[in-house]
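These notes concern the structure reproduced below.
The values are calculated or read from the model by the stated rules, or taken from the named source; none is laboratory data. The structure presented is a predicted model; accordingly, all values stated were derived computationally and were not measured. Quick reminder, even Gly has a Cβ in these numbers, built from the backbone with ideal geometry, and neighbours come from all protein chains shown. The accessibility values were calculated without ligands, DNA or RNA, using every heavy atom of the protein model including side chains. Shrake-Rupley method; radii C 1.70, N 1.55, O 1.52, S 1.80 Å.
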Amino acid sequence: MSDEVVVTADTIEPPQKKVGIVKAAGVLGILGGIVLIIVGVVVWVMVSSQLRAENITVPDDAMAFQGQTVAGPFTAYVQADIIQHHALKISGGKTYAELAQDDPVRTTMMNASFLRTSLFTSVVSFGVAAFAIGIGILSILFGWALSRLASVPVIVRRSTVTRA
């Protein structure tokens, strides 16, 4: 019989590639995501408070949100829609451009158009804020995933060693 002993040994090898840039990209993604979320929330609150300060109440003949204060994207959209409805009723169904230049209703249509444009601008602002928040969340998730990938474990190889 031989005096050979079979032993299992673990060899530890460092990762073959540097992962610092991946880790940095992950951290930057997380930080950028946090900034996007903060900016999105600030814009949402700012636009909402400015709309609320105007004390606009959705009229009873609107398609939804009757009696509510305009303070969000849905109430702003509904208010813009009802302004158009009322303005077209006043003008007999004609738009600003279709009215004669000396028509006194033209000024009312112009003001209605300005109000609608302002309300639609706030609706777009809410959308951009929500988009920034969503992209911020995705950026944090991707940054976290990159950071996890950069934390590559040390490679362990198991080998059998025969000793005499």
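The heavy atoms of Met46 offer some 100 square angstrom of accessible surface to a 1.4 angstrom probe. How much length is gained if the chain between Ala100 and Ile21 is pulled fully straight, taking 0.36 nm per residue apart and subtracting their Cα-Cα distance, in nm to one decimal? Full-extension gain reported as 21.9 nm. Accessible area per residue was computed with a 1.4 Å probe on protein heavy atoms; Arg116 scores about 60 Å². Centre-to-centre separation between the Cα atoms of region 92-157 and those of region 20-44: 20 Å.
Let me check something: with ligands and nucleic acids excluded, how do Trp44, Trp144 order by accessible area (1.4 Å probe), largest to smallest? Don't skip to the answer; put the middle values down first.
Values: Trp44 95, Trp144 145 Å².
Greatest to least solvent exposure: Trp144, Trp44.
Near Ser122, within a Cβ-to-Cβ distance under 12 Å, what is the net charge of the other residues, with Lys and Arg +1 and Asp and Glu -1? Let's see the in-between values first.
Details: positive: Arg52, Arg116; negative: Glu54.
It works out to a net charge of +1.
The largest accessible area among Phe131, Phe126 belongs to the first residue in Phe131, Phe126, and the rest follow in falling order (1.4 Å probe, all chains). Solvent-accessible area per residue in region 35-99 equals 61 Å², computed with a 1.4 angstrom probe and all protein chains kept.
Determine the sum of side-chain charges near Ala112: Lys and Arg each +1, Asp and Glu each -1, restricted to other residues whose C-beta is under 11 angstrom from that of Ala112.
Taking every other residue near Ala112 into account, the sum is +3.
Computed with a 1.4 Å probe on the full set of protein chains, the accessible area for Ser151 sits at about 70 Å².
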